[in-house]
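**Q** My questions all concern the structure below.
The values are calculated or read from the model by the stated rules, or taken from the named source; none is laboratory data. Please read all numbers here as calculations on a predicted model, not as lab measurements. Neighbour counts are summed over all protein chains in view; Cβ atoms, including those assigned to glycine, are modelled from backbone coordinates with ideal geometry. Calculation scope for accessible area: heavy atoms of the full protein, side chains included, ligands and nucleic acids excluded. Shrake-Rupley method; radii C 1.70, N 1.55, O 1.52, S 1.80 Å.
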Amino acid sequence: MKHFFHSDKPFTLECGQTLPEITITYHTYGTPNEDCSNCIWVCHALTANSDVADWWPKTVERGKFLDPEKNFIICANIIGSCYGSTGPLSTNTTTGAPWYDKFPALTIRDMAKAHILLADHLGIKRMAAIIGSSVGGFQAIEWAVEQPWRFASLVLIATDAYASPWTVAIDETQRMAILADTTYGEQRASAAASGLAAARAIGMLSYRGASGYNKTQHDAPRTDANLWDLRRAVTYQRHQGKKLSDRFDAYSYITILNAFDTHDVGRNRGGIEQALSSLTMPTIVIGITTDIIFSPGEMKHLASLIPGARYCEIESEYGHDGFLVENEALNNIILEFRGDVANI
C-alpha cells in the first residue's frame, strides 16, 4: 500500500541548505505486530521506487524473505528521487516553482536522516532487519552505523561502505553524458532526456558486464542481406536508455549520482573500520560473482570489517543486476540467515 508522509518543518541538509518542508512516499506490505518488531526496512537502489514488489520480483511473497504474512515491510522513496519524495521536480515553496537544477546537494547521510524521520513518525523503535542493495546498501550501512540499536539484523547486497574511485568514475562518465546535452538546465522535467538516455546506456555496461551482455544479446548468424542491420546489443542499449528517460528525469539522476559520490560511512567517525566496528548485530554480506561495480573481493573485505559478519556469494552471469535476477538464490541465502538469527 502506498502512503505519504509530509512534514512542514525545515529539513536541514549536510550541505548547510534547508528544505522548507519534506514529503516522503513509502510503501508498506503486511501488518505490524504490537511493537513493530516484525518490521523489515528495505532501502532501494538508484532509480527504483518505494514499491518493492514492483522492482524486486519474487521477493515480496509468501515464503520469501519479504513475507507479508510474517513481516511488516517498509520501503521509502529516497529524497532527491522523482517518485513522490521531495526532489528536483518538487515545488520549492519559497519560489513557487520546481527546483530542477537548483535542488540542494544531498548526501547518503541526508537520505538516511529522512528514513529516520519517517521511522520516528511511524513509532518504529526496533526492527527485525534492514536490507539494502547497491545504493540501497549505502543507506542501510549509514543508518545502521548511525543507530545500531535500531536493527536486530543487517543484510547488505552488492554494496560497500564508501564510494570507491571506480564507482565515482562510472558516475562521472554518466554525468558527462547528461551535461553534454545542451538542454540540461532548461526549466522543464524533460530537459536533457537524450543525455539521460546515454547515461543509462553507459550505466548498463557496468550493471550487466561482459558476461551479462554475451549471454543475452547474441545476434543470429548474419548474411549479406542483413549484415548492416542494427545489432541486438545496439537496440538493447537504445531501449534501456529510452526506458529510463521515459520514467525518470536528468535532475533527479544527477542529484542521486552526486549523493552516491559522498558515501563514506567513516567520514567524521574515525574512519571506516572504526565506524563498522559498531555493527554488532547479526550481519550478512552478499556478493555476486560477476559484479564489476562491487566486486566479490570488495564485498569480502566489507564483511571482514563488520564484527561477526557472514559472507555469501551468488553465482550469476548477470553482473551487478544479479541481485534483481537471481531471486531463488537470494531467497535461499537470506531465509537461512534469518532463520539462524531467530535461533540466536
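For every residue, the table says whether it meets (1) among the aliphatic types (A, V, I, L, M); (2) surrounded by 21 or more Cβ atoms within 10 Å (Cβ to Cβ); (3) in a loop (DSSP other than H, G, I, E, B).
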site: Lys242; (1), (2), (3): no, no, no
site: Ser245; (1), (2), (3): no, yes, no
site: Tyr251; (1), (2), (3): no, yes, no
site: Ile256; (1), (2), (3): yes, yes, no
site: Gln274; (1), (2), (3): no, no, no
site: Leu279; (1), (2), (3): yes, yes, yes
site: Ile286; (1), (2), (3): yes, yes, no
site: Asp291; (1), (2), (3): no, yes, yes
site: Lys300; (1), (2), (3): no, no, no
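**Q** Separate question: May I ask you to list the residues in the range 184-236 that are of a type in the set (Gly, Ala, Ser), surrounded by 15 or more Cβ atoms within 10 Å (Cβ to Cβ) and assigned to a helix (DSSP H, G or I)?
**A** Ala193, Ser194, Gly195, Ala197, Ala198, Ala199, Ala201, Gly203, Ser206, Gly209, Ser211, Gly212 - these are the residues of the range 184-236 that are of a type in the set (Gly, Ala, Ser), surrounded by 15 or more Cβ atoms within 10 Å (Cβ to Cβ) and assigned to a helix (DSSP H, G or I).
**Q** Residues being among the small types (Gly, Ala, Ser) and open to solvent by 10 Å² or more (accessible area, probe 1.4 Å): count how many of those fall in the range 94-148.
**A** 6
**Q** With the range 1-87 as the region, which strands (runs of 3 or more DSSP E) entirely inside it contain at least 2 residues that are of a type outside the set (Lys, Arg) and open to solvent by 10 Å² or more (accessible area, probe 1.4 Å)?
**A** Filter on the range 1-87 gives 2-7, 22-29.
**Q** Taking only the range 258-272 into account, find how many residues are farther than 24 Å from His44 by Cβ and either of a type in the set (Ser, Thr, Tyr) or open to solvent by less than 50 Å² (accessible area, probe 1.4 Å) (or both).
**A** 2
**Q** Looking at the range 93-132, which of its residues are farther than 28 Å from Leu66 by Cα and among the charged types (D, E, K, R)?
**A** If the condition is that a residue be farther than 28 Å from Leu66 by Cα and among the charged types (D, E, K, R), then Asp101, Lys102 are the ones that fit.
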